[in-house]
Amino acid sequence: MTRPYYIAGNWKMHKTRSEAAELARELTARLKDGKHKYLVAPGFTCLEAVGAVVKGSNILLGAQNMAAEEQGAHTGEVSVLQLKDLGVQAVILGHSERRHTYKEDDELINKKVLLALKHGLEVILCVGELLSEREAGQAEAVCRTQTKKGLEGVSAADLARVTIAYEPVWAIGTGKTATPEDADAIHACVRGVIAELYGKDAAAKIVIQYGGSVKAENAAQLMAKENIDGALVGGASLKADSFVPIAMFG
Ligand code: PGA
């Protein structure tokens, strides 16, 4: 089974509208012959500007988060309907910064996953262990639980719109990367969870990205691994010169 490679840029809380649109313009030009699947996730305020640039290109428009409710009295939140209205096609959910800095738990993340899928969005569900959990030998158990709980109630049909991103928390923005072997072991474990829940075919099809200090120098070795099907890139996605070599690998 050959799975498509999927490379996504998470711009986090960086860039104004004009800066974001400029980066998007450069990426659409430089990735237009790229053979993989691509996504950029700018901040909420830049979605409209970036959406106008990537429309009709081979780059999907993604959001970095979304409210767990469709609408209502939720000051400061952004709803799935508002995202869809801006042309958003996919949403990153359960990012470690949401889990740890903003205290989102598996139950809340699962609610968001179900809501995004109900409204036709694609989802990138992030899982990953803390350094203390890895040191205690719990990395696989943590990722298993986050995967299972994040996907609770997701139908087999909807799973086709889900990508998992394994992002060890200790590797995000730190310059430390999991070795390709260590990352592949967790990816294999997550794929095993999918096999248990949805069967072998679904497990063979699901795309599992790696994230955590991915850069041009380590991307190819990571993605050469059997179970690593792409990358969720933070820091290196902020400039075309560092993102394009990752996105055009192979
Ligand atoms: P990083 O971030 O590439 O800067 O480590 C990855 C992520 O948080 O998605």
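Scanning the stretch 15-31 finds no residues that are assigned to a strand (DSSP E or B) and within 22 Å of Lys215 (Cβ to Cβ). Among the residues of the stretch 107-155, count how many are hydroxyl-bearing (Ser, Thr, Tyr) and closer than 29 Å to Ile59 by Cα. The total comes to 2. Look at Ala73 and say whether it is of a type in the set (A, V, I, L, M), outside any helix (DSSP H, G or I) and over 26 Å from Val40 (Cβ atoms). The answer is yes for Ala73. Within the stretch 168-180, residues that are in contact (Cβ under 8 Å) with a residue 24 or more places away in the chain and assigned to a loop (DSSP other than H, G, I, E, B) have Cβ atoms under 7 Å from residues that are more than 10 Å from the ligand (Cβ to nearest atom) and basic (Lys, Arg) in these pairs: Pro168/Arg134, counting only partners at least 6 apart in sequence or on another chain.
Can you pull out the residues in the stretch 181-237 that are of a type in the set (D, E, K, R) and either closer than 22 Å to Ile59 by Cα or more than 13 Å from the ligand (Cβ to nearest atom) (or both)? Full working, then the answer.
Restricting attention to the stretch 181-237, the residues satisfying the condition of being of a type in the set (D, E, K, R) are 181-182, 184, 191, 196, 200-201, 205, 215, 217, 225-226, 229.
Those that are of a type in the set (D, E, K, R) and either closer than 22 Å to Ile59 by Cα or more than 13 Å from the ligand (Cβ to nearest atom) (or both): Glu181, Asp182, Asp184, Arg191, Glu196, Lys200, Asp201, Lys205, Lys215, Lys225, Glu226, Asp229.
Asn10 passes every criterion in (1) touching a Gly at 6+ places or on another chain (Cβ under 6 Å); (2) farther than 23 Å from Ser96 by Cβ apart from (2).
Apart from one condition, Asp201 fits all of (1) closer than 28 Å to Met248 by Cβ; (2) over 18 Å from the mean Cα position of the chain (by Cα); the exception is (1).
Among the residues of the stretch 51-97, just one is under 17 Å from the mean Cα position of the chain (by Cα) and acidic (Asp, Glu), namely Glu97. Looking only at residues of the stretch 1-17 that are of a type outside the set (Gly, Ala, Ser) and surrounded by 20 or more Cβ atoms within 10 Å (Cβ to Cβ), we find that the one that is farthest from the ligand (Cβ to nearest atom) is Tyr5. Looking at the stretch 83-110 only, could you name the residues that are within 16 Å of the ligand (Cβ to nearest atom), part of a helix (DSSP H, G or I) and among the hydrophobic types (A, V, I, L, M, F, W, C)? Matches in the stretch 83-110: Ile109 only. The set of residues in the stretch 192-250 that are within 19 Å of Leu27 (Cα to Cα), surrounded by fewer than 24 Cβ atoms within 10 Å (Cβ to Cβ) and among the β-branched types (Val, Ile, Thr) contains only Val244.
Here's the yes/no breakdown for (1) buried (at least 17 other Cβ atoms within 10 Å of the Cβ); (2) in a strand (DSSP E or B); (3) within 16 Å of the ligand (Cβ to nearest atom); (4) at pLDDT below 95:
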residue	(1), (2), (3), (4)
Glu77	no, no, no, no
Val113	yes, no, no, no
Val123	yes, yes, yes, no
Glu133	yes, no, no, no
Glu152	no, no, no, no
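Only one of the numbered conditions (1) within 15 Å of the ligand (Cβ to nearest atom); (2) within 23 Å of Val113 (Cβ to Cβ); (3) surrounded by fewer than 21 Cβ atoms within 10 Å (Cβ to Cβ) is violated by Lys176, and that is (2).
So is Ala20 within 16 Å of the ligand (Cβ to nearest atom), closer than 24 Å to Ala165 by Cα and crowded, with 21+ Cβ neighbours inside 10 Å or not? The answer is no for Ala20.
The values are calculated or read from the model by the stated rules, or taken from the named source; none is laboratory data. Computed from a prediction, not measured in an experiment: that's the story for all the values here. Backbone-built Cβ (ideal geometry, glycine too); neighbour counts: all protein chains shown.
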